[in-house]
Amino acid sequence: MSYQVIARKYRPQVFDEVAGQRLITDTLKNAVLHNRVAHGYIFSGGRGVGKTTTARILAKSLNCTKGPTVSPCGECPSCREIAQGNSVDVFEIDAASNRGIDEIRELRETVRYLPARDPYKVFIIDEAHMLTTEAFNALLKTLEEPPARSLFVLCTTEPHKLPTTIQSRCQHFSFRLLDYAEIFDRLKWVLNKEQIEADEGALSAVAEAAEGSLRDALSLLDQAIASSGKRLEEVHIRQLLGVVPSRVLVELVEAIDAGNAGQVLETVGRLSAEGYELNHFCGEFTRYIRNLAVAKSCGPASNLLQLPEGERAVLAGLAEQFSEEDLARFFQILIRAEGEMRYALNPRFQLELALLKMVHIRKLTSLENLLADLRGSRPAEALKAGTKQPERLPSPSVDFKKGAQPPPRPIRSAPVRPANDQQSADPLPSRSPEVTEQSSDRIPSLQKADDPRLDKIKRLAFGQSKLLSSCLDPITGWRFENGEVRFLFSKNNSWAVDFLSAREQQEKLRSVCAEALGQPVKIYVTLDDREGSEPKTRRSARVRAESDQGVEAIVKKFQCTLVDVIDLSRE
């Protein structure tokens, strides 16, 4: 056969022709120019990214009659034989089929002799991770103290399988997968050389299907040319490669946005009936959702988008229909479904379930919204409209809200436990350095709970985090003096103290208070243990739970019944 496939016909012959591996090729060029070529290299990376090609170019650079040179002539006998794979001094060994100790012993015998003609004897071992443990042990001494004018290049797609003793004796270069733009440009260059026309969408389909492997992209291009002739059209190429048309992805996203579960299931059924591989389609749709997320976060002009220019406007319009949180949830659902489909007996069901989740997930209420609703926080619509939050009725058990001077007792910054349980109590969560106990025996007078400044703090907190806002609702009093803001909570709301004592929440609350009060502040979140309403005999856990506002709100919201109560303070 006289025909030579495109992947071999346009195989790079010098360092500058290697696509996407500029850092590695520049390093090797400098090593050749300054006579600092190591005796052993490990080239690792995905399939078809240039590992063996770069190893051949390095061998040509050292053995060219004009060398050592970074631009081998390609005309001398050494260059031609290395390019054809039949050089007398460059050995390419397939470790997948020559993986035993006998083959490595033969290699050790060969390496003892000087090159037959060229300056260097080069051993290129493909799929080096396939060698047996005994073979690696036999190769170890040779790699550590190689004979003069010998060079070993170990190419592998799984470098973690190479023994550390081998890795420590070689220089390791990690070849990366090529991105969409690099593959697209190389395909365009090849078609220009071949004088073949192609739609931008057709080249895009080939570049996407290659998944970072340039050799795969060139092989697919060869197949497309054989099928289409002198003109590559997008529709035909997508059918040939089994790639779903982009309009199907757009329609599916629109159906999810509209909450149309029927259309989503019909789309899956149509794809299955037309013979598309559903596992592959799930991967395609995952990439499309990823592109939507990039367009939403970085804009449709971002270089991170792996799409032709013609599809970016459509993508930008679709991205506006979703929030970043929605797209993140979609992304997570599809990634999980893609993994489950690989081992499912009927992958179609897994895909349908994932798409139905995407249809209905936007109807679910987030935990923060639910807690805010339970605690009586006003909805986001009221905030946007600037409506005033309805005033709450004052708690009859907290009299010092009205400005009365509290009794002179210290405030604790942790939930109060019974005296006989102090030694067995679990340690409290770590707190911010600013959450400290009050050192004075007298607490300054507190502002009123309906203070406009406190209302502003709550509004700003609601805008930043509904959960943070809900934790400020049950405060029993507050004080702002000398750059210090103190919030007091009853014992029944110790959960709010624990939450607001976390460092992350402290930073949020400090930022909100500083904005509301117009100056930097320090935050103190403490419990009030001066309440005299609780009798000396400690109430039972069930009585306290039934009287808790949070429990009461949950029972009312979910129409449930309190079945059992465990007193964690006595555990």
Here the residues within the stretch 96-131 that are assigned to a strand (DSSP E or B) and in contact (Cβ under 8 Å) with a residue 60 or more places away in the chain are Val122, Ile124, Asp126
Just to check your reading of the model, which residue among Ala273, Ala255 is exposed (fewer than 15 other Cβ atoms within 10 Å of the Cβ) and among the hydrophobic types (A, V, I, L, M, F, W, C)?
Ala273
Surrounded by 14 or more Cβ atoms within 10 Å (Cβ to Cβ), at pLDDT below 90 and under 32 Å from the mean Cα position of the chain (by Cα): is that true of Ala181 in this structure?
no
For the structure I just gave you, tell me whether Cys282 is closer than 26 Å to Leu178 by Cα, hydrophobic (A, V, I, L, M, F, W, C) and touching a residue at least 60 places away in the same chain (Cβ under 8 Å).
yes
From Glu158, Glu144, residue being within 31 Å of the chain's Cα centre (by Cα), surrounded by fewer than 14 Cβ atoms within 10 Å (Cβ to Cβ) and not aromatic (Phe, Trp, Tyr)
Glu158
Mind telling me which of the residues Lys141, Lys188 ends up being modelled with pLDDT of 90 or more and either outside any helix (DSSP H, G or I) or not small (Gly, Ala, Ser) (or both)?
Lys188
List the helices (runs of 4 or more DSSP H) that sit entirely inside the stretch 294-412 and contain at least 3 residues that are in the same structural domain as Asn279 (by TED's automatic domain parsing), at pLDDT 50 or above and small (Gly, Ala, Ser).
312-319, 324-341
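Let's see how each residue does on (1) modelled with pLDDT of 90 or more; (2) in the same structural domain as Ile124 (by TED's automatic domain parsing); (3) among the hydrophobic types (A, V, I, L, M, F, W, C); (4) part of a loop (DSSP other than H, G, I, E, B):
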site: Thr25; (1), (2), (3), (4): yes, yes, no, no
site: Lys29; (1), (2), (3), (4): yes, yes, no, no
site: Val37; (1), (2), (3), (4): yes, yes, yes, yes
site: Gly48; (1), (2), (3), (4): yes, yes, no, yes
site: Ala55; (1), (2), (3), (4): yes, yes, yes, no
site: Pro72; (1), (2), (3), (4): yes, yes, no, yes
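The values are calculated or read from the model by the stated rules, or taken from the named source; none is laboratory data. Only a predicted model underlies this, so the values are computations on that prediction, with no experimental measurement involved. Cβ atoms come from the backbone with ideal geometry, glycine included; neighbour counts cover every protein chain shown.
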